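Report on one structure; see the data block that follows.
The values are calculated or read from the model by the stated rules, or taken from the named source; none is laboratory data. None of the values given here were measured: they were computed from a predicted structure. Here the Cβ positions follow ideal geometry from the backbone for every residue, glycine too, while neighbour counts run over all protein chains shown.
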Amino acid sequence: MLAAIRRFVADLAGSPADQNLREADHRLAAASLLYHVLALDGVVDPDERARLRALLMSEFSLGEAESEALIDEAAEADREAVDLYGFTSLLKSHLDDDGRRNVIGLMWTMVYADGAVHELEDSILWRVAELLGVSSRDRMLLKKAAQARS
């Protein structure tokens, strides 16, 4: 677990890493943002965790055990993070525009996991979208799409 976080920080600092390492860090950064949104209310219930696990399995082609391990790493990274910039800067450098919009869409999916959007969740999505360079228009379209799916 700590090794993944060290790799994540090393990549942010610009140390060389192979493609597999950068891919793993990309997954950890995205999973950390998803976990952050899920845990905003201070409670991560089993249904929300199952939804996150299914989302990670689908998005990153992971097995159940790999997805659970990624959630645990993401929870730890989120607890240790000072802000969201570390996660978003890695994603911004790793993903194209569609990939960044996809992360925002996944975050909206997690927001709607409990059926409601709280003001703090909306604010976090706005901040993350800004940091990722996703337009307000795209953010709102992704929100409406996630709402329609929920």
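Within region 19-38, the set of residues being modelled with pLDDT of 95 or more and touching a His at 6+ places or on another chain (Cβ under 9 Å) comprises Ala29 only.
Would you please name the residue that is surrounded by the fewest Cβ atoms within 10 Å (Cβ to Cβ), looking only at residues in region 61-83 that are touching a helix residue (DSSP H, G or I) at 6+ places or on another chain (Cβ under 6 Å) and not aliphatic (A, V, I, L, M)? Looking at residues that are touching a helix residue (DSSP H, G or I) at 6+ places or on another chain (Cβ under 6 Å) and not aliphatic (A, V, I, L, M), I get Asp78. If you go through region 132-149 and keep only what is surrounded by fewer than 18 Cβ atoms within 10 Å (Cβ to Cβ), in contact (Cβ under 8 Å) with a residue 40 or more places away in the chain and over 11 Å from Arg101 (Cα atoms), you end up with Ala145, Arg149.
Any residue at all in region 106-121 that is over 17 Å from Ser150 (Cβ atoms) and buried (at least 18 other Cβ atoms within 10 Å of the Cβ)? No, every residue in region 106-121 fails to be over 17 Å from Ser150 (Cβ atoms) and buried (at least 18 other Cβ atoms within 10 Å of the Cβ).
Just to be sure, is Leu56 touching a Lys or Arg at 6+ places or on another chain (Cβ under 9 Å) and modelled with pLDDT of 95 or more?
Working: touching a Lys or Arg at 6+ places or on another chain (Cβ under 9 Å): yes; modelled with pLDDT of 95 or more: yes.
So Leu56 passes the test.
When you check Ser58 against the structure, is it more than 20 Å from Lys144 (Cβ to Cβ) and surrounded by fewer than 16 Cβ atoms within 10 Å (Cβ to Cβ), yes or no? Considered against the rule, which asks whether it is more than 20 Å from Lys144 (Cβ to Cβ) and surrounded by fewer than 16 Cβ atoms within 10 Å (Cβ to Cβ), Ser58 comes out as yes. Listed by first and then second residue, the pairs linking a residue in region 33-61 that is touching a residue at least 40 places away in the same chain (Cβ under 8 Å) to a residue that is surrounded by fewer than 16 Cβ atoms within 10 Å (Cβ to Cβ) and part of a helix (DSSP H, G or I), with Cβ atoms under 9 Å apart and 6 or more places separating them unless they lie on different chains, are Leu40/Leu120; Asp41/Leu120.
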